[in-house]
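The values are calculated or read from the model by the stated rules, or taken from the named source; none is laboratory data. Remember, predicted model here, so these are calculated numbers, not experimental data. Cβ: placed from backbone, ideal geometry, glycine included. Neighbour counts: every protein chain shown. The area values use the complete protein model at the heavy-atom level, side chains included, leaving out ligands, DNA and RNA. Shrake-Rupley method; radii C 1.70, N 1.55, O 1.52, S 1.80 Å.
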2 protein chains.
Amino acid sequence: MTALGNALAFLHWDQATLMPSGAAGTRALESAALEGLAHEMLTATETGDLLEAAEAEARTLDADPREVALVQANLREVRRQYTRATILDRDLVEALAVAASTCETAWRAAREERSFAVVREPFETLLARVRESAGAQASVLGCSPWEALLDAFEPGATEAGIDRVFSELEGFLPDFISEVIEQRTGNPDPGLPEGPFPEAIQERLAHDLMERLGFDFRHGRLDRTIHPFCGGTPRDVRIATRYNEADFTSGLFGVLHETGHALYEQGLPEALVFQPVGQSRSMSIHESQSLLYEMQLGHSRAFLAAFLPGWREAFGGSGPAWEPETFGRALNAVRRSFIRVEADEVTYPVHVLVRTRLERAMIAGDLRPADLPGAWNDDMERLLGIRPSNDLEGCLQDIHWYDGLWGYFPTYTLGAMTAAQVFDAALKGDPAIGDGLDRGDFRPLLAWLRTAIHEKGSSLSVEELLREATGRPLDPAVFRAHLRSRYLDGDR
Amino acid sequence: MTALGNALAFLHWDQATLMPSGAAGTRALESAALEGLAHEMLTATETGDLLEAAEAEARTLDADPREVALVQANLREVRRQYTRATILDRDLVEALAVAASTCETAWRAAREERSFAVVREPFETLLARVRESAGAQASVLGCSPWEALLDAFEPGATEAGIDRVFSELEGFLPDFISEVIEQRTGNPDPGLPEGPFPEAIQERLAHDLMERLGFDFRHGRLDRTIHPFCGGTPRDVRIATRYNEADFTSGLFGVLHETGHALYEQGLPEALVFQPVGQSRSMSIHESQSLLYEMQLGHSRAFLAAFLPGWREAFGGSGPAWEPETFGRALNAVRRSFIRVEADEVTYPVHVLVRTRLERAMIAGDLRPADLPGAWNDDMERLLGIRPSNDLEGCLQDIHWYDGLWGYFPTYTLGAMTAAQVFDAALKGDPAIGDGLDRGDFRPLLAWLRTAIHEKGSSLSVEELLREATGRPLDPAVFRAHLRSRYLDGDR
């Protein structure tokens, strides 16, 4: 099954980077056939029987305790996959796929009209299917319907756990954002250097950046695409990105983000690469690694000191916009804006809070689709102080819900908080890391992440992993302290 | 199964073009797992039962006769694959794989020493397994052991059929080669233009060449690799090649060869692309398409008239070596040489005759491996008039046998003869084709090949296909006439 999954990963990478356009139709059939085959293998009666027998055997296994733990972790992951895959019958899976496909098409039309009304009906149909599916999963998994959706991306996460950390964010962020913006009034954020920045130079710098952070090019590649991603497999990680000749930061910091994902994949335990326990832990842990590199490290003074002079030289840049202090302020500008993917580190979580609350309300049946646009705009006004003037600036901006992706949004902000907490623990755990960063040496940081996060694979739960790496469960106070330090105190 | 096969084709393409070196180990496991899965699907009891039921149903099928023929052709192909796949038990397949892998490694060492003795023992072991496998196949297929091997690449081919055409070649080629070489004595073949020829320019010319011959870049790509090949799938054909900066003809005529393969794949019936009947017919038919483009067309005066001026301009070349007449004579030089892959159109078949005779003798048990080097050298001396001075120039030069590939060599020359016969039929069948070639317009030729060969897929047997396209079975006289016309009479 891992081999099938890996083959699918390469088919997807190829499709997004090099595949000629005319092959789209057959490629879709090829991928669907392989996905169907993997699903068939996982849900076969024989798989269930073998799993049960293995679980019975593991309960009385007489071996090295570490090996027993590994076997049990593997079985836990297989059981999890098996349970999730066997819950839904084929009819519902197909109905969901059809509803999502129909809704996604209507969503594109709705965006043209900037009006949610255009997509409301297919959205209602899709939501009904998603709720049906979530309900079926919830009754088997013994959790709430929304938790059942969340669990697909974030194993073990609960509504109570999300409430605990998100309510703290919601409690301090609105005022904090006002405070940051007020402090900067009269001292407006400077602009970034102006281009053009040739793509070929950006690509070379991206390559250098990856190499310097520890990306192993014997086990991965960098290519071009339309929508940046990190794909492939742990032993062959494929980053693909795009370059904007007017703004090199979008390409280079995009690559930095994907490099965080890639380093995690390359650091997964090599010996377990075909086993469930050898896979990455969860979306929030994955996103914590990308955001640790992009935001915690990449937007820091030490990082800019290490890279900015080389970038300036490569582009032949000059002027005050290239001063590290000025560049850093431009990079860390804070603005209230409507679009999540363009948001800065401070306002981004607000976009996630809005989506999480509305999504939960819709799954619970407390919010009707017809009321979504108004509820969205109200929440944006309440939490961020700005009100979208049309649905394209509001509830139509993200593809996720319209494509059937529910329970996913919280992982972005769980990842951001986890990144802060892991980076903080790394710096405090080994003074060589901070010293290294000051010298532009990123190896001590990677070595620490390898041991604390990457090499653990899926052997621990998300909470155990975080506790072992940082000494405590997810604590929004660390993220809050990071924001205060960078955006109010100007320490980072 | 086709989807799995297509996925494997892309994994192989990726491996040969872009895959980072460190991924070789996991990629081997991924490919092996997919191959194992495809084999399991094909040989499942259920597949046999379904096939039998379908065959029974097809016998009384009440439908459009063309549809009935298509169904029956499909079932014939599935039956063929099923029979071949179920003959050998797993133990023998694995023993073969191990023997081949061991022998291939020893072969590399033997090449270093230029001595067959180094590889003799593993070669004997491998030959024993190949004979065992061929015998098992022969008893089920009702043919001779060597035919069973040949049949894997060339369905329906027989020893008698090979004898008929190869003995004719053996009858005229030795004298013909002497005649050609004698005629040219005192008028030595000129050299090709001298480089360097920048790779980037070669790549652009290769792209132009493919486009002009009708390669559809919406359904394929051109990339770089170490060992040129044509891979991918019919709807996404991937050509990969290498460029030699000292000799641009190796790259461009290599691409021309692969373009012949590619045009065949792109021309297979689109609606049947996931069905057995929609696949290419056999190795000799495939090779006939590549050699038709590379040798029949590519080495002709009309082709050089169409392309040489552009190539000269692109490389900024000058001097007599760029005159079409001179260039054509250099391209069509004839030399007695030891190495098959460096041989010209006239001497190449002799290399195949030698291998075919020796291979049949070894499979029949009439030639012991210990006697192979001497027998090889004797045959080369008898048929080509030159005697290798060591085994690297002799029986160690090709990987095929040492890697377990038996029954394959004849297809090269069957392909060359078929190419001559198909090209001849095309020119005679539609005067617009020759007129087109004279104007540098290759569309009429491709249109004819599409109808006569490509769109037939595997709906006909090799012999039926050739008979429908050219009016007769394989006839070496056409190839002979082609050689005479090009190399003695100077007409082409």
Original post:
Ignoring ligands, DNA and RNA, what percent of the accessible area of the stretch B:228-312 is carbon or sulfur (1.4 Å)?
Top reply: 52
Subject >> chain B, helix-only ellipticity at 222 nm - DSSP H runs n ≥ 4, -39,500 (n - 2.57), divided by all residues, nearest 500 >> reply: -20500 deg cm²/dmol
Subject >> Cα-based Rg of chain A normalised by 2.2 N^0.38 Å, two decimals >> reply: 0.99
Original post:
Can you give the accessible area of A:E94, probe radius 1.4 Å, in Å² rounded to 10?
Top reply: 100
**OP:** Calculate one ³J(HN,Hα) per residue across the stretch B:217-227 by plugging θ = phi - 60° into the Karplus curve 6.51 cos²θ - 1.76 cosθ + 1.60, and present them in order as whole Hz with x for glycine and proline.
**Re:** 6, 6, 10, x, 9, 10, 9, 9, 7, 8, 10
Original post:
A:L353: net charge of surrounding residues, Cβ under 9 Å, Lys/Arg +1, Asp/Glu -1, itself excluded?
Top reply: 0
**OP:** Place a +1 charge on the Cβ of each Lys and Arg in the protein assembly as shown and a -1 charge on the Cβ of each Asp and Glu, then give the dipole magnitude about the Cα centre in debye, rounded to the nearest 20.
**Re:** 1000
Original post:
So if R0 is 51 Å, what FRET efficiency would A:D163 and A:A271 give, r being the distance between their Cβ atoms, rounded to the nearest 0.05?
Top reply: 0.85
**OP:** May I ask what percent, to the nearest 5, of DSSP beta bridges between residues of chain B are antiparallel?
**Re:** 50
Original post:
Given a Förster radius of 60 Å and the C-beta distance between A:R439 and B:A56 as r, what FRET efficiency does 1/(1 + (r/R0)^6) yield to the nearest 0.05?
Top reply: 0.20
Original post:
Just the accessible area for A:D91, please: 1.4 Å probe, Å², rounded to the nearest 10?
Top reply: 120
Original post:
In whole Å, what is the distance between the alpha-carbon centres of the stretch B:427-441 and the stretch B:462-481?
Top reply: 20
**OP:** Please find the FRET efficiency linking B:S250 to A:L29, where r is the Cβ-Cβ separation and R0 is fixed at 41 Å, and quote it to the nearest 0.05.
**Re:** 0.65
Original post:
Considering only DSSP states other than H, G, I, E and B, which GluC sites (Glu not before Pro) in the stretch A:234-299 qualify as loop sites with at most 15 other Cβ atoms within 10 Å?
Top reply: A:E245
Original post:
In nm, to one decimal, how far is the A:R204 label point from the A:V140 one, both placed 7 Å along Cα→Cβ?
Top reply: 5.5
Subject >> Residues of the stretch B:370-394 with amide N under 20 Å of a point placed 7 Å along Cα→Cβ from B:E112 >> reply: B:390-394
Original post:
Once amide H atoms are placed 1.01 Å from N in the peptide plane, what residues at a sequence separation of 5 or more from A:V237, or on another chain, have their amide H within under 5 Å of its amide H?
Top reply: A:G220, A:R221
Subject >> DSSP-loop GluC sites (Glu not before Pro) across the stretch B:130-195, with at most 16 other Cβ within 10 angstrom >> reply: B:E194
Subject >> GluC sites (Glu not before Pro) restricted to DSSP loop in the stretch B:1-60 with at most 10 other C-beta within 10 Å >> reply: none
Subject >> Average beta carbon contacts from partner chains per residue of A:7-18, 10 Å cutoff >> reply: 4
Original post:
Just how far, in whole angstrom, is the stretch B:139-214 from the stretch A:82-141 if you go by their alpha carbon centroids?
Top reply: 58
Original post:
Straight-line reach from B:K456: which lysines have a Cα under 26 Å away, not including same-chain ones fewer than 8 places off?
Top reply: B:K428
Original post:
What is the minimum Cβ-to-axis distance for chain A, in whole Å, where the axis maps A onto B, and to which residue does it belong?
Top reply: A:A7, 2
**OP:** Pick out, from A:F327, A:Y408, A:I285, the residue whose Cα sits farthest towards the positive end of the charge dipole of chain A, with +1 on the Cβ of Lys and Arg and -1 on the Cβ of Asp and Glu.
**Re:** A:F327
**OP:** Sort B:L70, B:L222, A:L297 by accessible area with a 1.4 Å probe, largest first.
**Re:** B:L70, B:L222, A:L297
**OP:** Just add up the charged neighbours of A:F197: K/R +1, D/E -1, any other residue whose Cβ is under 12 Å from the Cβ of A:F197.
**Re:** -3
Original post:
Counting only the heavy atoms of the protein chains, how much of B:M295 is accessible to a 1.4 Å probe, in Å² to the nearest 10?
Top reply: 20
**OP:** For the stretch B:170-182, just list the computed ³J(HN,Hα) in residue order, Karplus coefficients 6.51, -1.76 and 1.60, θ = phi - 60°, integers in Hz, with x standing in for Gly and Pro.
**Re:** 5, x, 10, 4, x, 5, 4, 4, 4, 4, 4, 5, 5
Original post:
Just counting partner chain Cβ atoms within 10 Å, what average do the residues of peptide A:233-244 show around their Cβ?
Top reply: 3
Original post:
How far is the Cα center of the stretch B:257-301 from the Cα center of the stretch A:300-373, in Å?
Top reply: 53
Original post:
Across the residues of B:22-33, average count of Cβ atoms on other protein chains within 10 Å?
Top reply: 6
**OP:** Mind ranking A:V350, A:V71 by accessible surface for me, highest first, 1.4 Å probe?
**Re:** A:V71, A:V350
Original post:
How far apart, in nm, are two points set 7 Å out from the Cα along the Cα-to-Cβ line at B:E468 and at B:R382?
Top reply: 4.0
